[in-house]
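The values are calculated or read from the model by the stated rules, or taken from the named source; none is laboratory data. None of the values given here were measured: they were computed from a predicted structure. All Cβ positions, glycine included, derive from the backbone under ideal geometry; neighbour counts span all protein chains shown. Accessible surface is based on the protein model in full, side chains and every heavy atom, while ligands, DNA and RNA are left aside. Shrake-Rupley method; radii C 1.70, N 1.55, O 1.52, S 1.80 Å.
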Amino acid sequence: PVRVVRAGHAKLLGQVTAAVRRGGTLLIEDVGNELPLGLEGVLRPASGVDGQVARIGRSDVDVAPGFRLFMTCPSQHPQFLPEVYIWTTVVNFTVTFPGLVDQLLSVFLRVEAPEVDERL
């Protein structure tokens, strides 16, 4: 199951620590242009004796297998520090009108004129 928490939540680091320890999936919503304090160690864990270790706040936490972290932000063009782009994969899911038109045209051709769709 995916655990969802907002970036401004008072117990965010506790939620992150629990997900890192148990190996669950965590979704942090509404991250601004600056990451919440304490997440840097999660985004770039260090190698430990028995695997990966994340520094969360002042604690070192063993990263359980299967831990996944996803973050969303309300901005269409977030201005993260360059390091964030190095540590993460940033995906822009913005829907534009021309992109939507292209997708609908593709579906229409596939259904109504498959011979034209095959030639494209």
Nearest-ten-degree value, helix 97-112 long axis tilted from longest Cα axis of the chain: 60
Positive-end residue, the chain charge dipole about Cα centroid, Cβ charges, pick of PRO36, VAL90, PHE70: PRO36
Sum of -39500 (n - 2.57) over DSSP H runs of 4+, divided by residues of the chain (222 nm, nearest 500): -10000 deg cm²/dmol
Structure-derived Rg and Dmax of the Cα atoms in Å: which label, when the choices are [x] 19.7, 62; [y] 20.8, 66; [z] 13.4, 41: [x]
Simple Cβ-charge dipole of region 9-63, Lys/Arg +1 and Asp/Glu -1, about Cα centre, in debye nearest 20: 160
nm² value of the averaged projected area, convex hull over the Cα atoms of region 1-49: 3.8
The chain: antiparallel DSSP beta bridges as a percent of all, rounded to 5: 45
Simple label model, 7 Å out from Cα along Cβ direction - SER47 to GLU34, nm: 3.4
For ILE56, distant residues with modelled amide H under 5 Å away: VAL61
Highest average packing first - 58-70, 97-109, Cβ atoms within 10 Å: 58-70, 97-109
Extension gain from GLN103 to GLU118, taking 0.36 nm per residue of separation minus the Cα-Cα distance: 3.8 nm
Probe 1.4 Å, accessible area per residue of the chain, Å²: 73
Pairwise label distance in nanometres, SER59 with TRP87, each label 7 Å out on the Cα-Cβ vector: 1.8
Accessible carbon and sulfur surface of region 48-120 relative to its total accessible area, %, 1.4 Å: 58
Dipole in debye (nearest 20) - region 8-120, about Cα centre, beta carbon charges: Lys, Arg +1; Asp, Glu -1: 540
